[in-house]
């Protein structure tokens, strides 16, 4: 009696070909997940403990860290500063970015040069941007104040742009506008290339001017990319610690202390790692809620 033949299954060339990209990406995906998920889970874990420098993990305190953070007046000041920072940055960058993109799209001469020049601030390191603008806005020797002094504007000759509570946030918003507009610009310019030319021709035939052409042709075709940019820039700016920290350090008098800076100061200034983790988790929850609500509203609007 002959023994039954043993059949060994081997993947065919088609299966091997389709699975190869996933196998090549697997190590990077695993590493990325570990670097993202592990710190997040550890922060959530720390937020339930009285973790302080020198005390180790400390005792389990449940939701006490969250209650302590929410009862602190400094938290609400930082939350208000964050709202101003995010809303002011996103709205100004979208408006200016869309406007510049439309102008660049209509240029015939020098279009590529201006695109490259305007994109430069986005690729510059944040530290370089911060120290460049601190030098430009230096009260004594900065270009802005020296120019004002030479023009005879005595009121602005020694104005401390980044070290005065009344002007620090506005100055930081202008700097962030300068840095963030290129990202919006390049995305909108790409979207403009996809607008059918016959829509513009139909608008011109009907007698529409440049403003009506923008309002009834360009803007409706840019709604999706603008909505996406609003969400992206909100997430990016709300989590941006480095630019504001390097410009003002959260001062003066906490006038520019946004929530990421407060998290840093609680962790590495006051060494209250439990409260810092609780604050970071609260910020994450708010941003996730905003993203979910915004995405749902956007989806319903598209299907309406």
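Using alpha carbons only, the radius of gyration of the stretch 113-167 set against its Kirkwood radius gives Rg/Rh = 1.10. With the convex hull of its Cα atoms as the shape, the stretch 237-304 has an orientation-averaged projected area of 5.5 nm².
Gyration tensor analysis over the Cα atoms of the stretch 20-83 returns equivalent ellipsoid semi-axes of 34, 19, 9 Å (largest first, whole Å). For the stretch 168-304, the C-alpha radius of gyration sits at 1.42 times the compact-globule guess of 2.2 N^0.38 Å, with N the residue count.
May I ask for log10 I(q)/I(0) of the chain at q = 0.07, 0.09, 0.10, 0.14 Å⁻¹, from a Debye sum over the Cα atoms as equal point scatterers with solvent left out? So the normalised log intensities are -0.43, -0.67, -0.79, -1.21. The spread of Cα positions in the stretch 56-181, taken along each principal axis and listed from longest to shortest, comes to 66, 40, 26 Å. For the stretch 91-133, the calculated P(r), taken from all Cα-Cα distances in 5 Å bins from zero up to the bin holding the longest distance, is 5, 19, 22, 22, 19, 10, 4, 0 percent. Taking every Cα-Cα distance in the stretch 107-233 and sorting them into 10 Å bins from zero, the calculated P(r) comes out as 11, 27, 27, 20, 13, 2 percent.
For the peptides 114-126, 174-186, 193-205, 212-224, the ranking by mean Cβ contacts within 10 Å, running from highest to lowest, is 174-186, 212-224, 114-126, 193-205. Taking the inverse of the mean 1/r over every pair of distinct Cα atoms in the stretch 193-274 gives a Kirkwood hydrodynamic radius of 16.4 Å.
Values quoted throughout were computed directly from the atomic coordinates according to the rules given, and no laboratory measurement underlies them. On a predicted model such as this, the values are computed, not experimentally measured, just so you know. Backbone-built Cβ (ideal geometry, glycine too); neighbour counts: all protein chains shown.
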